[in-house]
C-alpha cells in the first residue's frame, strides 16, 4: 500500500497552468500533486559563443528551489555562493531533454532559457519540471510564431515529458512522492517523447542492486505514465 | 494622470493569501497589483553565535527574485555566485523592519527566517515583501503558540507594513508601479507600525533634489496607505 | 550630556585635507573627529557598457575599511572573498549622492571612480566619505579643466555633503560618534546639496519607532550641519 | 567499422596497476586504452556531520582532469574557482557506485575518499574511474585489515565496475572511445556488481531518441563487458 | 645616474610614525620616500586550530593596497572577490619575517595579526611593510607588557628589517623606487635581523640572468641599508 | 647523516620521461626520487590582452597537486574554490623561470601554458617542476619547428633548471627530500641557466637566521647540482 493510497500505476493529480507569469514569452505552473514548479521560457536574441554565425540557436534550462520549498529550510544557493551538484545535474538534464525535441536550426540564432523554479516540493521535481518546461517552451514558440519569427511546428519535433518510477516495498510504482522517494529501493527517471522514443533514462539503486526484470517493470509503468502526461500537455495547449 | 489611471492616493489592489506553502510554519503570498511575493517563515532551534546563551532569539530575512520575475530575464544570483548589492540592501531592510516589532526575549533562543521571493515584479517588491512578511511571521508565531512555545502577542509588539511613494510628473503619488518607479523624480519607502510609529524611511532623489515640503507630502500619503495595509493584515489574520 | 561633551547641535572638528594622495587626479583626507576617510578620485577613459556611445559619462564610488580601523579587528573583505552587504549599501549611497550633483553629459564619455577608504573609524564614516568625496571629485574635475577636457562648473551642478543625526538619550543630536551611534534610539543620515535640496534621507529606528516630530527635529539639525560642511568644502577648495 | 577496428563487443585493452601511489592507503592506475585514471583511496578518522555517533562510516569520491588530459587544454578548475556541473555529476556517480557495494556499518565511523584524477582522456573516463576506484578501495580495506581495523570482506559486499555502450553508425558497440563518443547517437553508462545486479544506468539520446530494443542491446553488451572487467579486477587483486 | 639623483648606496628618506592608529595595540606609518604603508598590530586571544593547547602563539600578516595607491587605479581586491597571487606572496613573506624574530612560546596562546596597508606606492612596498610591521609588533608587545601579559623582550629575539636592491643601468643600487624597479635588470629583496642574520633573500632576474658577483654586490648594499633601518627602528622605539 | 643515506652533495635519482602525454605539444614526467611531476606544454594561438598586436608571445605556468600526492590527503583546490597562496607563488615562479630563457618576440603572438601537476610529492616539487617544464617547453617548440612556425633555437636562449639546498643538522646539503625539508634550518631554491646565470634565488630561514657564508655554501652546491640537471636535460632531449 502506498502512503498516498494510490494504485501502483497511478500518477498524482497533474495540472499544467499556462500563462502564470505575465512577463515571460511562455510560462507554465506545473503541479504533480503537492510538487509545484514554475517554468518560464525567456527568449534572447543571442547565442553562446560557440554557436555564433552558425545559424543555429540554443535551448537551455536553469533550476532552483525556494529555500522553504522543502520540509526543512535549505540554504539559499545565492547566499551560499554556488549551485549544488544536484542543482547542476538537474538543470543539465532538463536542457538536454528539451533539446532532444527541438530543431535548433529552425529556431535560428536565438536562445531560449527555461527557468524551472520549485515553489513547493514533494518528490519528482525534475520530472515535473521537464513536463512543464515543454509547455512553457511551446508557448514561447507560439509567441514567436505570432511575430513571424519561426513556425512553432518547425522547431518542435515532438512532445517530451518525464516521470519517475521506483520499487517501493518490493513493488514497482509510478510517480514517487517524497515519502516514497526517501525510502524506495530503486529510483528511476524516464524522459520520453510523444512518439515513445527514450530521451533519457537514469536508474539508481538506493539500496540493493536491481535486476533487468525490475528495469523492465519500471519502463512499462513509465511508458504508460508519459503517455498520460503527453495527453495532458496536448489538452493544456489546446485549451 | 498615472499610467494605471489610479488616483494619486490610491494603492493597487492588495491581497494577502495565507498558508500558500504547505511546509513553512507561516506563509503568505502578497500581491500589490502585479507584484507578487511569496513570504515563508521558517523556525529553527538555533541562533547566531553572538546570541548563544543570552536567552534572546533572532528574526532575519532573505530576499530573492525569480530570474524572469521581471520584463527582461535577469541573471540567476545562484548561478552568478553572489547576491547583488540591491538584494542585500533589501533583505537587510526587511529584517530590520520585522525586528522593530518583535520582542526577541519573548521569542526565546530560536531563529525565524522569513524568505521573500518575488514571483512577479511590477515595482514595490520590498514594500510588498515587508507587508507580507509580517503576516507570515505572525502565522509562524501562532504555530508556535499552538505548541506552547510562545505567546504570539508577547512576541509581536505591533503590526508593521511598508509602502512606497514618489513624485511622478510633479505630483506626489502612493504605491508606485514599475512604469512610475522608473520615471519618478523622487522615490521614498516608508516602513511604519500599526500605531503609526516610523520604523524606517528611505528617500532618494532620482533626478533633482527634493524639498522638505515634498517629503512632508509623501509622508502624508504613506501614513494613510500604511493604515490601509495594516487593516488588510488584520482582516487577513482574522480570516 | 553627550559622551564627547559636545552641544546637541555641535559637529565634531572637521578637516578636509586636499591632495593627500600623489597619484590620484583628486584626493581628500576627510576627518570628522576621530573618523578619518581617504577619498581619491580616479579618471578613466571608459564607461560602463550601457553608456557606450551615449556621450554620457559615469561617476561611481567604492568603499572599504582597513581591518583595524575599528575597535576590534574586522576580517579583511579581500580575504573573505566578498564585500559585505553594509559595504555595498554604503558605496551605492556615495555613488548616488555624487551623481545627484553631476551633469553626466558635460562630463563626456569617461568614468570617475571615487574610492573612500576608512583609515580610522569612530562613527559616521559614510557621511564623512560623501563630504570628502565631493572635494576629491571637484579636484579631479579641476585637473581635467586644466587639460581642457571639461569645464568643472559645467559638470558640477552644486555641492553635496552629508551628516548623521540621532536621538540619543531622548535628545536629538548632530553628528553621532561611535559611542552615541551604538546606543542611539534613532539614527538618520541626510545627504543634501549646497542649495539645501535633499538628495537622500535614511532614517532607522534602532529601538522604538520614531515620530514625524522626531524626524522634523533631526532634519532641522541636519540642515544646519550640512550648511557648515558646505562652507568648509568651499573654504578647502578655495585654499 | 569502428575507428579503432575493434569488434562491436570488444573492449579496449584494460589494465589495473595497483600501488601506483606510495602515500595512499590504496591506489590503482586504471587504463582503458588511452584513457588513464589515477585512483587513490584515502582513509580519514572522521565522518560527515550527519553520521557522527551513528557507528556508520562513509565512502565518497572526487573527480578531476588534468588541464591537458584532453585534445585541447581545458581551464583548470582550481583556477576557475569552481568545479563544473559535469565534474560534480561524475564524482557523485562514482561515490554512489562505491557505496552500493559497501557495508557502511562494518566500515565503522571513518571516511574513505577515493580521488579519481584523469591523467589522459580518450572517452569513458567515468567508467574507467569506477572500475579502478573499486580496486583502490579494496586495497585500502586490505590495508585496514592488516592493522586489525576491519575485515575487508565484511565491508565489501561485492565487486562493482562500469562500462559505456552506445549506438555508433546504427550499431550497438561496447566501450566507446572519444571519436565514437563524440559522434554516437546514443550513449549509455552501466554500473553493475559482480553478481550482475544493476547499480546505475544512465542512457542519453544525443540525437534521435532510442527505443527499448536499443536499450536492451546495449544492456546485453554491457553485461558481458562488466563481466570481463570484474574478472580483471579479481586477477589484479590476486596478483 | 639614478632618476632620484640618489647615490647608489643611498636610501630614500625613511620615517617611522608610531601610534598612527588609535584603536590598534601597536601601529606605525612607515614611509620610504613616497611609499607609505600603515602597519597595525592586532592582538586576539585565539590561535589557529593547529596550535590549540600547545601553549604557543602565532604571528601573521595581511597585506593590501588601496586601489589608487598606484599611478593607475587597480581593481579593489574585495570587489574582485580574491587576493591576487602577488598579495598572497607578500603577506606570507611579511609573516615569515616577523616570526623569524619572535619566540612563539613566550607569546603564549595568542595571535597577533599585523595588517600592512599601502596608502601610497612608489616601489618597495614589501620591504617598507616589514620594516614598519616590526615597530607595530614591538608596540603591541609593549602594550601587552604594560598589562602583565608578556615580557616584550622575551618575545622579541631581535630586530628585523628589509630593503630592496637592484642592478639599474648596470649599477648595483640600494632601495629601488618605482621608476628604477620597473626598468631594473635584477631585483632582490633582503630581510635581515639586527644582528645581521639573513632571514629571507629573494632575487629575480627581470631580464638577463645575474652572476654570483652581482648577488654579492647587492648583499653588501643591503647589509648596510638594513643596518641603517634597524637604527631608525631603535630611534623610533626610544622616542 | 641524511635520512636517505645520500652524500651531502648528492641529488636523488633524476629521470625525465618525454612524451608522457599523447595530447600535449610537449610533455615530460620528471622524477626527483619519489617526487613525480607531470609537465605538459600547450600551445594556443592567442595572447593575454596586454600583448595583442605587439608581435610578442607569452609563456606561463600553472601548478597543482593531486589531493593524495602527499602523506595526508589535502583538500582539492577545485573543490575549495581557490588556489592557495603557496600554489600561486609556485606557478608564478615557474612562469618567470621559463620566460627568463625565452625570446618572446621569436615566439610570435602565441601563448604556451606549461601545466605542472604533482602526481606524487616528496619535497622539491617546484624545482622538479621547473626542470621538467623546460623539457616540455623545448618539445613544444620542436613540434612548432616541425610545422614551420618557429625555430626552436631562436626562441630558447638557454637551458633552465632548479634545485633546492638547505642546512640540515648543521650541514649544507643538496636536493632536500620531504623528511629533510620539514626539519631543515634553512631552505633555499635556486633557478639557474645552462650558462650558470642566476635566474632566481629564494632563501628562507626556517629557524635561526643564516649567514652569508651559509648562503655561499648552498650556492656552491646548487651550481654543481644544476650543472648535472642541465646535462640530464640535454641527454633526454638528445634521446
Exercise for the section: Check whether at least one residue in the range F:196-216 is more than 9 Å from chain E (Cβ to nearest Cβ) and either buried (at least 20 other Cβ atoms within 10 Å of the Cβ) or touching a helix residue (DSSP H, G or I) at 6+ places or on another chain (Cβ under 6 Å) (or both), and report yes or no. Expected result: no
Problem - Checklist (1) over 19 Å from the mean Cα position of the chain (by Cα); (2) touching a residue at least 40 places away in the same chain (Cβ under 8 Å); (3) surrounded by 17 or more Cβ atoms within 10 Å (Cβ to Cβ) applied to residue E:149, failing item - result: (3)
Handout entry: Qualifying residue in the range C:40-49 (condition: within 14 Å of chain B (Cβ to nearest Cβ) and buried (at least 20 other Cβ atoms within 10 Å of the Cβ))
Key = no
Handout entry: Matching residues, the range D:185-216, being more than 20 Å from residue A:209 (Cα to Cα) and not in a loop (DSSP other than H, G, I, E, B)
Key = D:186, D:187, D:204, D:205, D:210, D:212, D:213, D:214
Handout entry: So residue A:163, is it farther than 26 Å from residue D:84 by Cα and touching a helix residue (DSSP H, G or I) at 6+ places or on another chain (Cβ under 6 Å)
Key = yes
Problem - Where residue E:144 falls short, out of the listed (1) surrounded by 24 or more Cβ atoms within 10 Å (Cβ to Cβ); (2) closer than 21 Å to residue E:106 by Cβ - result: (1)
Practice task
Could you tell me whether residue E:164 is surrounded by 15 or more Cβ atoms within 10 Å (Cβ to Cβ) and not in a helix (DSSP H, G or I)?
Solution key: yes
Practice task
Could you list all residues from the range F:13-38 that are within 14 Å of another protein chain (Cβ to nearest Cβ) and in a loop (DSSP other than H, G, I, E, B)?
Solution key: F:19, F:20, F:21, F:22, F:23, F:24, F:25, F:33, F:34
Handout entry: Qualifying positions in the range B:217-229 - within 13 Å of chain C (Cβ to nearest Cβ) and under 17 Å from the mean Cα position of the chain (by Cα)
Key = B:222, B:223, B:226
Problem - Sole residue being touching a helix residue (DSSP H, G or I) at 6+ places or on another chain (Cβ under 6 Å) and either in contact (Cβ under 8 Å) with a residue 40 or more places away in the chain or farther than 17 Å from residue C:176 by Cα (or both), chosen from C:4, C:27, C:21, C:42 - result: C:27
Exercise for the section: Within the range D:43-52, identify whether any single residue is part of a strand (DSSP E or B) and either under 13 Å from the mean Cα position of the chain (by Cα) or within 16 Å of residue D:135 (Cβ to Cβ) (or both), and answer yes or no. Expected result: yes
Fill in the blank from the handout: Given (1) touching a helix residue (DSSP H, G or I) at 6+ places or on another chain (Cβ under 8 Å); (2) part of a helix (DSSP H, G or I); (3) closer than 27 Å to residue E:220 by Cβ, residue F:226 misses just (1)
Problem - Failed criterion for residue F:169 (all others in (1) out of contact with any strand residue (DSSP E or B) (no Cβ under 7 Å at 6 or more places or on another chain); (2) over 22 Å from residue F:35 (Cα atoms); (3) surrounded by 16 or more Cβ atoms within 10 Å (Cβ to Cβ) hold) - result: (3)
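Conditions tested, residue by residue: (1) modelled with pLDDT of 95 or more; (2) under 30 Å from residue F:4 (Cβ atoms); (3) in contact with a helix residue (DSSP H, G or I) (Cβ under 7 Å, 6 or more places away or on another chain).
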site: F:97; (1), (2), (3): yes, yes, yes
site: F:108; (1), (2), (3): yes, no, no
site: F:111; (1), (2), (3): yes, no, no
site: F:132; (1), (2), (3): yes, yes, no
site: F:149; (1), (2), (3): yes, no, no
site: F:152; (1), (2), (3): yes, no, yes
site: F:178; (1), (2), (3): yes, yes, no
Practice task
List every residue pair whose Cβ atoms lie under 6 Å apart, where the two residues are 6 or more positions apart in sequence or sit on different chains, the first residue falls within the range B:166-192 and is within 16 Å of residue B:229 (Cβ to Cβ) and more than 14 Å from chain C (Cβ to nearest Cβ), and the second residue, located anywhere, is at pLDDT 95 or above and part of a strand (DSSP E or B).
Solution key: B:174/B:165; B:175/B:163; B:176/B:164; B:176/B:166
Problem - Failed condition for residue B:109, given (1) in a strand (DSSP E or B); (2) surrounded by 17 or more Cβ atoms within 10 Å (Cβ to Cβ) - result: (1)
Practice task
Please go through the range B:66-91 and pick out each residue that is facing another protein chain (nearest Cβ under 7 Å), surrounded by fewer than 18 Cβ atoms within 10 Å (Cβ to Cβ) and in a helix (DSSP H, G or I).
Solution key: B:79, B:85
Practice task
Taking the options B:104, B:137, B:156, name whichever one is in contact with a strand residue (DSSP E or B) (Cβ under 9 Å, 6 or more places away or on another chain), more than 10 Å from every other protein chain (Cβ to nearest Cβ) and crowded, with 24+ Cβ neighbours inside 10 Å.
Solution key: B:137
Completion exercise
Those residues of the range F:92-101 which are more than 8 Å from chain E (Cβ to nearest Cβ) and assigned to a loop (DSSP other than H, G, I, E, B) amount to F:101
Practice task
Spot the failing condition for residue F:61; the list is (1) in contact with a helix residue (DSSP H, G or I) (Cβ under 8 Å, 6 or more places away or on another chain); (2) buried (at least 24 other Cβ atoms within 10 Å of the Cβ); (3) within 7 Å of chain D (Cβ to nearest Cβ), and only one is missed.
Solution key: (3)
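The values are calculated or read from the model by the stated rules, or taken from the named source; none is laboratory data. Quick caveat, the model's predicted, so the values are computed rather than measured. For neighbour counting, all protein chains shown are included, and Cβ atoms are generated from backbone atoms with ideal geometry for every residue, glycine included.
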